[in-house]
Amino acid sequence: MGTLLMTLCFIICEHLHADMIAAVQAQGLTDIEILSFPARCGGPPLTIEELSELAGQSKAEVKEFIGCGCLGPDIHVPDCRIRRLDQCFHLLISPTLADSLQRSGACLLTSGWLTCWREELQELPTSPA
């Protein structure tokens, strides 16, 4: 009897894409595809149409979206799993540590955000004078 191989696709925010690839490679995992969706930090969540289009780009047997506000609270994509986190930093460090750092006033940044920080700063709302 042959070995059953299952292919898996993680679809994650572009700001975490490189980190996810590094984690998968560090674990020596194969048959895992990593796709990314546009960052929506503080913006409207991705639409069902956008998510369905992304899911359609993969031929994997199992597709899992991972994110937080970018995925919206009530969105469902046929034949896909959705993993919603309280915040994206919970993928990178312990939720307890992330929450504690933010409560103490720390500003947490992902390496993906830092890669395009100039563009990200232009997207931030400006405060009135």
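When shorter helices are ignored and each DSSP H run of at least 4 residues is given -39500 (n - 2.57), the per-residue value for the chain at 222 nm works out to -8500 deg cm²/dmol. The stretch between Asp31 and Arg83, if pulled fully straight at 0.36 nm per residue, gains 16.7 nm over its current Cα-Cα span.
With θ taken as phi - 60° and the Karplus curve 6.51 cos²θ - 1.76 cosθ + 1.60 applied, the whole-hertz 3J(HN,Hα) list for the stretch 15-29 is 6, 10, 4, 5, 5, 5, 4, 4, 5, 5, 5, 4, 8, x, 7 Hz, x standing for glycine and proline. Pop the C-beta distance of Leu108 and Val62 into the FRET formula with R0 = 30 Å and round what comes out to the nearest 0.05. After rounding, the FRET efficiency stands at 0.50.
Over all alpha-carbon pairs in the chain, figure out the percentage whose distance exceeds 19 Å. Everything past 19 Å amounts to 56 percent.
Each Lys or Arg adds one and each Asp or Glu subtracts one; over the other residues with Cβ under 15 Å from the Cβ of Thr47, this totals -3.
Compute the FRET efficiency between Thr115 and Thr47 as 1/(1 + (r/R0)^6), taking r as their Cβ-Cβ distance and R0 = 22 Å, and round to the nearest 0.05. Walk me through the intermediate numbers first.
Working: r = 25 Å, r/R0 = 1.14.
Calculated value: 0.30.
The relative contact order of the chain, computed from alpha carbon pairs under 8 Å that lie at least 6 residues apart in sequence, is 25 percent. The Cα-based radius of gyration of the stretch 34-88, divided by its Kirkwood radius, gives an Rg/Rh of 0.92.
Where a number appears in this text, it was derived from the coordinates with a stated rule and is not lab data. Only a predicted model underlies this, so the values are computations on that prediction, with no experimental measurement involved. Please note: Cβ atoms are built from the backbone with ideal geometry, for glycine as well, and neighbour counts cover all protein chains shown.
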